[in-house]
Amino acid sequence: MSYLDNILFAILLIVGFGFFAASVKKIIRNINLGVDVDRKDNPKARWKNMALIALGQSKMVRRPVAGILHIFVYVGFIIINIELLEIIIDGLFGTHRIFAPYLGVVYDVLIASFEILAILVIFSVTVFWIRRNVIRLKRFINSDLNGFPKSDANYILYFETVLMILFLLMNAADLHLQNVPGGYSHFHKAGSYPISQFIAPIFNGTSNELVGLLFEVFWWLHIAGILVFMNYLYFSKHLHILLAFPNTYFANLKPEGQFDNLASVTKEVKLMMDPNADPFAAAPVDENATPSKFGASDVQDLNWVQLLNAYTCTECGRCTSSCPANQTGKKLSPRKIMMDTRDRLTEVGKNIDANKGVFVPDNKSLLNDYITPEELWACTSCNACVEECPVNISPLSIIMDMRRYLVMEQSAAPMSLNAMMTNIENNGAPWQYSQQDRLNWKNEN
């Protein structure tokens with residue numbers, strides 16, 4: 001590479017990583033819009049969660065076909081991009097496979113494993129494309145994937161395929177030039193190529209200068225494609241590549257089905273149960289405190305872990321395909337709950353960007369404008385969606401917080417639920433019988 005090439009490559013890196021850093025900064029800011037919640041307890045269990053679920057893919061393989069293929073793509077794409085470090089050094093300093101002389105046989109093993117993984121990635125991505133577009137599995141054709149979400153999944157598959165093909169073509173051209181009698185330019189013997197050795201013969205009969213030019217084209221397209229892909233993640237469901245790790249670490253460790261009690265309500269109940277408390281004493285009031293809000297009507301009312309969940313959602317649909325409400329024709333889709341939360345959070349973030357770092361009320365909210373009460377009340381709170389999620393996302397926690405808002409702020413519960421709560425208040429039981437009549441059933445024949 002010429003000196004000019006090195007400068008252009010450095011500019012490309014600065015621009016690519018600069019845009020990526022700006023996107024990461026926006027994501028962190030948006031997540032921090034959520035209510036603070038402490039998830040620093042039990043670090044040992046949290047590290048174990050992250051190792052088994054995010055790194056080990058333990059929940060993915062519950063559906064073996066998709067799970068194993070996903071491991072091929074995950075391992076392949078991550079490990080192959082380790083070579084990115086060498087590409088960056090070669091690009092900046094004009095070297096060629098700079099690690100080869102230092103690693104020796106280990107380098108040959110690495111390059112060989114990269115190539116095998118690349119072909120496995122291409123195979124897996126092809127199967128994924130067929131499942132989505134030919135077989136059309138039910139969870140991939142739901143209405144909540146209409147529009148960009150459906151296209152996004154295909155874009156990623158095309159991206160990954162093209163990047164792997166460029167990687168193999170680059171290696172094939174490299175191998176051809178390494179074997180030129182007497183050597184060619186700065187190309188030297190390095191690496192083992194179990195796949196691209198079968199591609200290299202297509203360059204036979206082609207001038208070395210043209211093959212060298214093609215190598216440069218493949219090399220530039222490969223690194224540029226990686227940088228474009230990296231910046232596309234901000235707009236894509238594939239943020240889970242990065243966020244699955246913190247998401248599983250900060251996931252809720254409490255038993256599934258154990259809900260959090262509102263601190264303000266718990267305090268009031270304890271006060272009522274305290275025989276030494278003065279029922280007529282006025283509680284101290286902090287005039288500077290913001291009035292507490294029961295539940296959530298917008299993304300700012302959710303906690304930051306729930307917002308992290310929204311960004312981490314893979315849109316795989318395992319939650320929706322396991323949801324009993326969705327299976328019986330109800331409007332609820334846990335996947336849509338997460339997608340709507342992310343869309344609203346993105347909209348709030350754009351509002352902040354447009355108003356110099358300050359959110360200006362826009363007469364919109366997550367409740368009603370994105371998620372309807374009908375969807376919320378269709379949930380049976382069975383935790384199937386939480387159990388199925390391969391990265392420990394909890395749509396149920398968002399549903400329950402929004403239900404709390406409907407009940408405690410708007411008194412907008414369904415009629416049957418309102419009747420039950422009235423009966424509990426008046427009769428001490430869910431049924432419409434006075435306490436004196438509660439045992440009358442025992443006298444019936």
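The values are calculated or read from the model by the stated rules, or taken from the named source; none is laboratory data. Here the structure is a predicted model, which means the values were calculated and not measured. Neighbour counts run over all protein chains shown; Cβ positions are idealised from the backbone, glycine included. Note: areas computed on protein heavy atoms with side chains; ligands, DNA, RNA excluded. Shrake-Rupley method; radii C 1.70, N 1.55, O 1.52, S 1.80 Å.
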H70: accessible area at probe 1.4 Å, nearest 10 Å²?
-> 50
Among the listed pairs K40/K350; K237/K350; K237/K336; K48/K336; K26/K237; K26/K350, which are separated by more than 20 Å between their Cα atoms?
-> K40/K350; K48/K336
Heavy-atom accessible area of Y234 with all protein chains present, probe 1.4 Å, nearest 10 Å²?
-> 50
In terms of modelled amide H atoms, which long-range or inter-chain residues lie less than 5 Å from the amide H of A429?
-> I424
Rounded to the nearest 0.05, what FRET efficiency do K270 and N6 give with R0 = 60 Å and r taken as the Cβ-Cβ distance? Could you check?
-> 0.30
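Between beta-carbons, use under 13 Å as the cut-off and find the net charge around E115, counting Lys and Arg +1, Asp and Glu -1. Each step should come with its number before you reach the end.
Working: positive: none; negative: E83, D108, D174.
After counting each charged neighbour, the total is -3.
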Mind checking which lysines have their C-alpha under 17 Å from K331, skipping anything on the same chain fewer than 8 residues away?
-> K138
With every protein chain kept in the model, how would you rank F294, F123 by accessible area, 1.4 Å probe, largest at the top?
-> F123, F294
What length, rounded to one decimal in nm, is gained on full extension from N423 through to A277, with 0.36 nm per residue of separation minus their alpha-carbon distance?
-> 49.8 nm
Residues whose modelled amide H sits under 5 Å from the amide H of V35, counting only those 5 or more places away in sequence or on another chain, are L302, N303, W304
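Could you calculate the contour length gain from D38 to S434, that is, 0.36 nm times the residue separation minus the distance between their Cα atoms, to one decimal place in nm?
Using 0.36 nm per residue and subtracting the Cα-Cα distance, I get 138.3 nm.
Working with all protein chains in place, sort F93, F77, F20 by solvent-accessible area computed with a 1.4 Å probe, largest first. Walk me through the numbers on the way to the answer.
Working: F93 150, F77 20, F20 45 Å².
The ordering from most to least exposed comes out as F93, F20, F77.
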Only helices counted: for the chain, with every DSSP H run of 4 or more residues adding -39500 (n - 2.57) and the sum spread over all residues, [θ] at 222 nm is -18500 deg cm²/dmol
Could you tell me which Cys residues in the chain have no other cysteine's Cβ under 4.7 Å from their own Cβ, answering none if every one has a partner?
-> C313, C316, C323, C379, C382, C389
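For the full complex of protein chains and a 1.4 angstrom probe, list L12, L396 by accessible area with the highest value first. Don't jump to the answer; show the numbers that get you there.
Numbers: L12 55, L396 5 Å².
Accessible-area ranking of L12, L396, largest first: L12, L396.
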With the radius of gyration and the Kirkwood radius both derived from the Cα set of segment 93-155, what is their ratio Rg to Rh?
-> 1.29
Around R132: net Lys/Arg minus Asp/Glu count, Cβ-Cβ under 12 Å = +3
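Using a probe of 1.4 angstrom, how much of the accessible area of segment 139-184 is carbon and sulfur, in percent?
Details: 1130 of 1780 Å².
On segment 139-184, the fraction of accessible area on carbon and sulfur atoms equals 64 percent.
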Would you list, by chain and number, the lysines whose Cα falls below 22 Å from the Cα of K293, excluding same-chain residues fewer than 8 positions away?
-> K267, K270, K364
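State the percentage of accessible surface on segment 325-445 attributable to carbon and sulfur atoms; use a 1.4 Å probe and exclude ligands, DNA and RNA. Show your work: numbers first, answer last.
Values: 3460 of 6830 Å².
Carbon-and-sulfur percentage of accessible area, whole number: 51.
For the chain, what does the accessible surface come to per residue with a 1.4 Å probe? Please give it in Å².
Value returned for the chain: 54 Å² of accessible area per residue.
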Can you work out ³J(HN,Hα) from phi for every residue in segment 364-378, in order, using Karplus 6.51 cos²θ - 1.76 cosθ + 1.60 and θ = phi - 60°, giving whole Hz and x for Gly and Pro?
-> 10, 7, 4, 6, 6, 6, 10, 10, 8, x, 4, 5, 5, 7, 6
With Rg and Dmax of the Cα atoms in Å in mind, check (i) 24.8, 89; (ii) 21.6, 72; (iii) 28.3, 106 and report the label derived from this structure.
-> (iii)
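For the chain, return all DSSP H helices satisfying: extent of Cα atoms along own axis at least 27 Å; mean Kyte-Doolittle hydropathy at least 0.0.
Values: long enough: 3-31 (42 Å, 1.43); 105-133 (42 Å, 1.62); 148-178 (44 Å, 0.76); 208-232 (35 Å, 1.26); 334-354 (30 Å, -0.93).
Passing helices, by number: 3-31, 105-133, 148-178, 208-232.
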Within-10-Å neighbourhood charge of C379 [Cβ basis; K, R +1; D, E -1] | +1
Fully extended contour minus Cα-Cα distance, from K364 to N204, at 0.36 nm per residue = 51.3 nm
